Amino acid sequence: MWWFVSPRIAFGEDALDYLEEVKARKAVIVTDQGIRKVGFVERITSYLEKNAAEVETFEAVEPDPSKETVFKCVELLKRFEPELIIGLGGGSPIDVAKAAWLLYENPGLSLEEVTPFAEVTTGKKARLITIPTTSGGGAELSWAMVVTDKTEQRKLEPATREVIADICILDPSLVSKMPPQLTADTGLDALANCIESYVCEWRNDFTDAFAIKAMALIFEYLPKVYKNGDDVVARERMQNAAAMAGLAFGNSQVTIAHSMGHALGSIFHVSHGRSVEVVLPYVIQYTKTVAADRYAELAAAIGIKAKSSEEATDRLVVAVKELIKQLNEPLSIKEIGISEEDFEEKLDLLVERAELDTCTITSPRAPSEDEFRKLFLHAYEGRDVDF
């Protein structure tokens, strides 16, 4: 038995107006200082204060947030005792909001103990609303979290359906200020989410439907919104695509592009979207031997025609690389700016982290230690995978 879970979703122009209906005596907004600077915190606060809510903010979230940041947020929740928690921002603030909510509701629980099978509860103390300001990772809709253990230089991936938000608000006005590079990084993260969810071992008919639609939308609208951030239609369609990709992988899983990306991100401090997209073409090539039929279906969704599944997969890799080029994103780990010396020094650790990553479990083809090493080397140099 499996489940498909989703928050209630308010989407489209003026979706934020839903907040006028929300009643809570106390609310905490979990966000970062960048979101404060563009005025979004004040905007959300103004809605809540119309119903006389007392509002506090936690603005200490950093990129690739640490366990320590989550713990600090939990302390605020314990002190303030809110009835409502709002995760506002990209994946980092939203993951912190989910993780802090879970620990607030379950005293004594550690993030390392959180699995899809752990007996935990939420909703007894507070509700959660997620409001994304980027169109990418799908954290606002998923029941996974990514938190960095800085001491061990690895990313924890606690996951439980209990952190699914009560409401997710997708308002296109909140993604209108994304600069081109952030648009590209997050958009390619969404692309990886829908591609990997479609081929992973836990895929299902429901997630397939969202992944296929997200794939088509991303290829059509991501280049448009990258070139013209004021394109309101493209912004809204990309926001919807990222949400669909989030629902797809959130109810199935992803694969080794995320395993490798998590390792790259935690060790070399590369943004999540970039660390995943840079290895994605090589992962598709590696898994083609067992998933060509699935990749051919994705290729067809973006208009690729071919005489065989293998040819369709090869053309899909070309299309993915061309999209990455259009967005001025790196096509090799070397292009990110990591020196060969640093890469070789950390290669053993990269392989170890990728092997232990939970996303490896659901890959249609699971690499051995030696194959992971080869994959990293090919991705570093930008060489086609032929093994």
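Here, each number is a calculation from the coordinates, and none is a lab measurement. Note that the coordinates shown come from a computational prediction; the quantities given were computed from them, not determined experimentally. Cβ atoms come from the backbone with ideal geometry, glycine included; neighbour counts cover every protein chain shown.
Only bridges whose two residues both fall in the stretch 19-103 count here: according to DSSP, what percent of them are antiparallel, nearest 5?
Taking every DSSP beta bridge within the stretch 19-103, about 10 percent pair in antiparallel fashion.
For the pair Glu201 and Glu369, how long in nm is the line joining their label points, each one 7 Å along Cα→Cβ?
2.0
Using the Cα centre as the reference, give the magnitude of the dipole from point charges on the C-beta atoms of the stretch 218-351 (Lys, Arg: +1; Asp, Glu: -1; all else neutral), rounded to the nearest 20 debye.
Around 540 debye, computed over the stretch 218-351.
Would you mind giving the average projected area, over all directions, of the Cα convex hull of the chain in nm² with one decimal?
17.5
Arrange the peptides 315-326, 102-113, 185-196, 230-241 so that the one whose residues have, on average, the most other Cβ atoms within 10 Å appears first.
185-196, 230-241, 315-326, 102-113
Under 26 Å from the Cα of Lys72, which lysines turn up, not counting those fewer than eight places away in the same chain?
Result set, ordered by chain and number: Lys23, Lys26, Lys37, Lys98, Lys124, Lys125, Lys150, Lys155.
About its Cα centre, what dipole magnitude does the chain give when the only charges are +1 on Lys and Arg Cβ and -1 on Asp and Glu Cβ, stated in debye to the nearest 20?
Here the chain has a charge dipole of around 820 debye.
For the chain, find the longest principal axis of its Cα atoms and tell me its angle to the long axis of helix 67-80, 0 to 90°, nearest 10.
Value to nearest ten degrees: 20.
Measure nothing fancy, just the Cα-based angle from helix 280-301's long axis to the longest principal axis of the chain, in degrees from 0 to 90, nearest 10.
Its long axis makes an angle of about 80 degrees.
What is the calculated FRET efficiency for Lys177 to Asp17, with r their C-beta to C-beta distance and R₀ = 25 Å, to the nearest 0.05?
0.85
If neighbour count is taken as other Cβ atoms inside 10 Å, put Ser266, Ser271 in order from fewest to most.
Fewest-to-most Cβ neighbours within 10 Å comes out as Ser271, Ser266.
Sorting check: for 117-126, 344-353, which peptide has the highest mean count of neighbouring beta carbons within 10 Å, and how do the rest follow?
344-353, 117-126
Less than 16 Å apart at the alpha-carbon level, and either on another chain or at least 8 residues along: which aspartates and glutamates does that give for Lys67?
Once the sequence-local aspartates and glutamates are set aside, what remains near Lys67 is Asp32, Glu59, Glu75, Asp95, Glu112, Glu113, Asp149, Glu152, Glu157.
Using a ≥ b ≥ c from the Cα gyration tensor of the stretch 118-164 (square roots of the eigenvalues), is it rounded, prolate or oblate, where a/c under 1.5 gives rounded and otherwise the larger of a/b and b/c decides, a/b for prolate?
Taking the square roots of the gyration eigenvalues as a ≥ b ≥ c, the stretch 118-164 is oblate.
Using a/c under 1.5 as the rounded threshold, could you call the stretch 80-184 rounded, prolate or oblate? The axes a ≥ b ≥ c are square roots of the C-alpha gyration tensor eigenvalues, and prolate needs a/b larger than b/c, oblate otherwise.
Because a/c hits 1.5 or more and a/b fails to exceed b/c, the stretch 80-184 counts as oblate.
Take peptides 146-152, 20-26 and line them up by average Cβ neighbours within 10 Å, highest first, as a rough protection proxy.
Descending mean neighbour count gives 146-152, 20-26.
Considering only Gly39, Pro93, Val114, whose Cα is most displaced toward the positive end of the charge dipole of the stretch 8-175, charges sitting on Cβ of Lys, Arg (+1) and Asp, Glu (-1)?
Positive-most Cα among the choices belongs to Val114.
Counting only pairs 8 or more residues apart or on different chains, how many lysine pairs in the stretch 180-381 have their Cα atoms under 17 Å apart?
Pairs that pass both the separation and distance tests number 12.
Sort Trp101, Trp143, Trp2 so the one with the fewest other Cβ atoms within 10 Å of its own Cβ comes first.
Exposure proxy ranking, most exposed first: Trp2, Trp143, Trp101.
Quick one: angle between helix 91-105 and the longest Cα principal axis of the chain, in degrees between 0 and 90, rounded to 10, please.
So the inclination is approximately 50 degrees.
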